[in-house]
Amino acid sequence: MATDASVLKHGVVGNENKGHDACCNTGGPGYATPLEAMSGPREALIYVTCVYTGTGREKPDYLATVDIDPSSPTYSKVIHRLPVPHLGDELHHSGWNACSSCHGDPSADRRFLILPSLVSGRIYVIDTKTNSKAPSLHKVVEPEDIVQKTGLAYPHTSHCLASGDLLVSCLGDKDGNAAGSGFLLLDSEFNVKGRWEKPGHSPLFGYDFWYQPRHKTMISSSWGAPAAFTKGFNLQHVSDGLYGRHLHVYSWPGGELKQTLDLGSTGLLPLEIRFLHDPSKDTGFVGCALTSNMVRFFQTQDGSWSHEIAISVKPLKVQNWILPEMPGLITDFLISLDDRFLYFVNWLHGDVRQYNIEDPKNPVLTGQVWVGGLIQKGSPIVAEGEDGKTWQFDVPEIQGNKLRGGPQMIQLSLDGKRLYVTNSLFSTWDRQFYPDLVEKGSHMLQIDVDTEKGGLKINPNFFVDFAAEPDGPSLAHEMRYPGGDCTSDIWI
């Protein structure tokens, strides 16, 4: 297990090399500042994790390479597929071996994409440098090795550290108990070092995390016990205490659990968590899925952390559904690199939203577009207004294709002008809420963003149809550019 001293030493080295004077350094991956990243080259390729696990198709999950260069003859097409060697993994989120936290270190290289498998517990390391259009498998970290050395399973979020190590959040133990959750530390060669957090400082539940070294803080969020969520969503499991509503505040890089924020009944299932990109800022947001609130967290004058609801999506009264009211279900969100706009999705309602957050305490809705959802025209489910009248959302077709599922994962271009959207959440939940998605497969959209006045508009020329994959329809989840993005890069 990595000693606290070694982690601390790495943190100090990282700060010496790449701290406040990062702009003066040359070499190394990423960009000196978030604003510099905005003037980086336009994205031409995007990697998408694609899932067959849970679909009934006995095929391995794969990493798709999609051409997103409008001048290319294969624009909006899958140009390469890298199947992983095992069945039943459930590829989900991904991260880099090096990002802008290593900027200024010429020995660091953003070469390897890290693919944790949420169900099997494997972690795949993908070489994207040898051939960026056709990535190859570099290494597999086996679940037995992780369990033996750390007791951890169900890996989710991966972030690189300035030290060269990798930190991966894990959602439970091998039996799916949330009490076994914690943080896995891998070295730069992807060997298991041990747990990151100090003994006795594990979180109540695991999910996502983000660190902010200038405030000596890392904060993690809470989904639920794998034994519960892998079987599908059951509202009773929330009452049974099998889902989270907490943020866990850790010392960075020390790994001490300093504070647990209980978000209460308005903060159920806090999922994606992001600090503002400006590393001097001590505020961020977390999307609480079940209660569909965007919660802002911030540091107080005494150095502790507090929280408040920043945005609230009202549930809709509905007919012909499993419940009388339908939450929006905020499942993913991100913040533009200049910290001006926040984007999130309502997976069940079907809309993507843009908010101006130049005043983080008072977000202002500036754009909204419907790209799916359960209440679109043609669905048996209808929303009911206070006057008793029923209505549905008008969702356009794209290139003759009816949009399936709801918006789920999003990725923003570096310049903030293009938002990419996929629609699979987790195969078991997809089957439960959008069975059509499992049968017909995912799709990927691109939304044009007005970064001056605000506004969102679907690009009619972009549609990636995962219904037409060679091994049958697949479920598309998270997206990454070869050069990094606003959800993987952290500045220190």
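Couple of notes before you dig in:
- Calculated FRET value between ASP109 and ASP450, using beta carbons and R₀ = 45 Å, to 0.05: 0.80
- About its Cα centre, the dipole of region 106-213 is roughly 240 debye, where the only charges are +1 on Lys and Arg Cβ and -1 on Asp and Glu Cβ.
- Ranked by the mean number of other Cβ atoms within 10 Å per residue, highest first, peptides 232-238, 27-33 order as 27-33, 232-238.
- Cα-projected label distance for SER71 with ASP240, points at 7 Å along beta-carbon direction, nm: 5.7
- Given the choices (1) -0.23, -0.86; (2) -0.34, -1.12; (3) -0.27, -0.93, log10 I(q)/I(0) by the Debye sum over Cα atoms at q = 0.06, 0.11 Å⁻¹ derived from the coordinates of this structure is entry (1).
- Distance between the modelled labels on GLU325 and TRP391, one decimal in nanometres: 1.9 nm (7 Å Cα→Cβ projection).
- Region 172-212 versus region 405-449: alpha-carbon centroid distance in Å: 28
- The ranking of GLU36, GLU452, GLU272, GLU142 by Cβ neighbour count inside 10 Å, starting from the fewest, reads GLU452, GLU142, GLU36, GLU272.
- Peptides 364-371, 391-398 ranked from most to least packed by the mean count of surrounding Cβ atoms within 10 Å: 364-371, 391-398.
- Extension gain, SER304 to ALA134: 0.36 nm times the residue separation minus the Cα-Cα distance gives 56.6 nm.
- FRET efficiency, GLN368 to LYS174 (Cβ-Cβ, R0 41 Å, nearest 0.05): 0.45
- Unit charges at the beta carbon, dipole of the chain: most positive-side option, PRO327, LEU365, CYS99: PRO327
- When peptides 41-47, 242-248, 462-468 are sorted by average Cβ neighbour count within 10 Å, with the highest value leading, the order is 242-248, 462-468, 41-47.
- Average Cα contact separation per residue, the chain, under 8 Å, 6 or more apart, as relative contact order %: 13
- Out-of-range pairs (alpha-carbon distance over 25 Å; input LYS193/LYS258; LYS133/LYS193; LYS59/LYS440): LYS133/LYS193
- Members of LYS231/LYS314; LYS77/LYS402; LYS231/LYS377; LYS77/LYS457 lying beyond 23 Å, as alpha-carbon distances in this model show: LYS231/LYS314; LYS231/LYS377
Bear in mind that the values in this text are calculations on the coordinates, not laboratory data. If you're wondering where the values come from, they're calculated on a predicted model, not measured in any experiment. Don't worry about glycine lacking a Cβ; one is built from the backbone with ideal geometry, like all the others, and counts go over all protein chains shown.
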